[in-house]
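K.L.:
Sharing a structure below in structure tokens format, with a few things to ask.
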Amino acid sequence: MRSDSRSHTFRTFGWDGLIQIILIGNSIVMLAPIVIMIFSAFKTNAQIFRSPFSLPDFRHVGNLVRVWTETDFVLYLMNSFIVTGASIALILVLGTMAAYAIARYEFRGSSAILLFFLAGLTLPLKLAVIPLFIQMRDLGLIDSRFSLIFIYVATGLPTTVFIMTGFIRSLPNELEDAARMDGANEARIMWSIMLPLVRPAMVIAGIQNVVPIWNDFFFPLIFIQNNDLKTLPQGLTTFMGEFGTDWGVLFSGLTLSALPIILLYIGLSRQFINGMTAGAIK
């Protein structure tokens, strides 16, 4: 009996140890490119190629100053903020309203509308880039931020409606009934009572969409040619010269461009984890 207990303990400890080793190895593989990128932001070209994995002198901030003052990095950064911020705001507002109507009201065709949104999860929009380009050209939106915003909203709505519908359906109906008995109208019930409760799901939907929109290179490359309208992923390619590249400045730009998303995730991580685990404790 004691032997079986020790064997069970050993097997459990062994599997736990193996899983921890795999998780540590996965973390190293995932973090290594980010660490090398940050280290390279503080090195010269010669140091990057001579010792790419060595610790840099973090007092050497010349690359960061140059990318901020001698390039169009700030212009690209502002364009990314405008495009990403407008897209996320529209995705969350429209997606939450659509999900609320589908989840809380019974009407004919609600299931078909939900399936219509879910169908967007299976369609790769990049395959339709030629019809999209023709449509944007006819609408006069080539070389306009609106072309990117419209496409990002269209690609983000299916995911948002899917996440928000499931979360809103899990909320108790008694909250709405009590609010109606107190005389609240439907808009007041949604914005004052239900919306604060679905905030974790909105954070999940926001982070789910903000990362691919912020990092997207494909659609700006197709629809934006004016340098004044380029977003960060497209604009950073101009740092690469035909005959030579200042890799220190390029890595500084990459580091600064990743910083807003990292800070956003850290700031919203508690609500993100609460939303991810909400279904597990019901």
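The values are calculated or read from the model by the stated rules, or taken from the named source; none is laboratory data. All values reported here derive from a predicted model rather than from experimental measurement. Cβ sites come from the backbone with ideal geometry, for glycine too, and all protein chains shown count toward neighbours. To get the accessible areas, we keep the full protein, side chains included, count just its heavy atoms, and leave off ligands, DNA and RNA. Shrake-Rupley method; radii C 1.70, N 1.55, O 1.52, S 1.80 Å.
K.L.:
Throw me the Rg/Rh for segment 65-196, computed over C-alpha atoms with Kirkwood Rh, two decimals.
P.N.:
Using Cα coordinates only, the ratio equals 1.11.
K.L.:
From a point 7 Å beyond the Cα of Asp228 in the direction of its Cβ, which residues of segment 55-97 have a backbone N at a distance under 18 Å?
P.N.:
Once the point is set 7 Å along Cα→Cβ of Asp228, 71-83 turn out to lie under 18 Å by backbone N, inside segment 55-97.
K.L.:
Over the chain, average the accessible area per residue using a 1.4 Å probe and give it in Å², no decimals.
P.N.:
Averaged over the residues of the chain, the accessible area is 61 Å².
K.L.:
Let me ask you something else. Sort out for me the Cα centre separation of segment 92-113 from segment 199-225, rounded to whole Å.
P.N.:
If we compute the Cα centre of each part, the gap is 23 Å.
K.L.:
What range in the chain is the longest one free of GluC sites (Glu not before Pro) that are in a loop by DSSP and have at most 15 other Cβ atoms within 10 angstrom?
P.N.:
Answer from the scan: 107-241.
K.L.:
Zone of Ala89 (label point 7 Å along Cα→Cβ, backbone N under 18 Å): which residues in segment 182-214?
P.N.:
What the label zone holds, given the 18 Å backbone N cut-off, is 203, 206-207, 209-211, 213-214.
K.L.:
Oh, and also: Using a 1.4 Å probe on the protein heavy atoms only, what accessible surface does Ile38 show? Give it in Å² to the nearest 10.
P.N.:
Per-residue accessible area (Ile38): approximately 60 Å².
K.L.:
log10 I(q)/I(0), Debye, Cα-only segment 15-102, no solvent, q = 0.15, 0.20, 0.24, 0.26 Å⁻¹?
P.N.:
So the normalised log intensities are -0.85, -0.95, -1.09, -1.16.
K.L.:
Per residue of segment 224-238, what does 6.51 cos²θ - 1.76 cosθ + 1.60 with θ = phi - 60° give for ³J(HN,Hα)? Whole Hz please, x for Gly and Pro, Karplus curve as stated.
P.N.:
10, 10, 6, 4, 6, 10, 6, 8, 4, x, 6, x, 5, 5, 6
K.L.:
Still on this structure: Name the residue from Met202, Val153, Asn79 whose Cα lies farthest towards the positive end of the charge dipole of the chain, charges +1 on Cβ of Lys and Arg and -1 on Cβ of Asp and Glu.
P.N.:
Towards the positive end, the residue furthest out is Met202.
K.L.:
Say R0 is 30 Å: what FRET efficiency, to the nearest 0.05, do Arg180 and Ile134 get from their beta-carbon distance?
P.N.:
Efficiency, from the Cβ-Cβ distance: 0.05.
K.L.:
So, taking all protein chains as they sit and a 1.4 Å probe, how much accessible area belongs to Tyr105, in Å² rounded to tens?
P.N.:
80
K.L.:
Quick one: length gained pulling Phe81 to Arg199 fully straight, 0.36 nm per residue minus the C-alpha distance?
P.N.:
Gain on stretching Phe81 to Arg199: 40.3 nm.
K.L.:
Phe133 accessible area, nearest 10 Å², 1.4 Å probe?
P.N.:
70
K.L.:
Related question: Under a crude label model (7 Å from the Cα following the beta-carbon direction), how far is Ser51 from Leu127 in nanometres?
P.N.:
Placing both labels 7 Å along Cα→Cβ, they lie 5.1 nm apart.
K.L.:
Order the following by accessible area, largest value first: Trp191, Trp247. Probe radius 1.4 Å; ligands, DNA and RNA are ignored.
P.N.:
Highest to lowest solvent-accessible surface, that is Trp191, Trp247.
K.L.:
At a 1.4 Å probe radius, carbon and sulfur cover how many percent of the accessible area of the chain?
P.N.:
That fraction is 68 percent.
K.L.:
Next up: What dipole magnitude, in Debye to the nearest 20, does the chain give about its Cα centre under +1 on Lys/Arg Cβ and -1 on Asp/Glu Cβ?
P.N.:
Here the chain has a charge dipole of around 660 debye.
K.L.:
Further question: Determine the calculated [θ] at 222 nm for the chain from helices alone, applying -39500 (n - 2.57) to every DSSP H run no shorter than 4 residues and normalising by the residue count; nearest 500 deg cm²/dmol.
P.N.:
Mean residue ellipticity, 222 nm, calculated: -23000 deg cm²/dmol.
K.L.:
Between segment 169-183 and segment 30-63, how many Å separate their Cα centres?
P.N.:
Here the answer is 56 Å between Cα centres.
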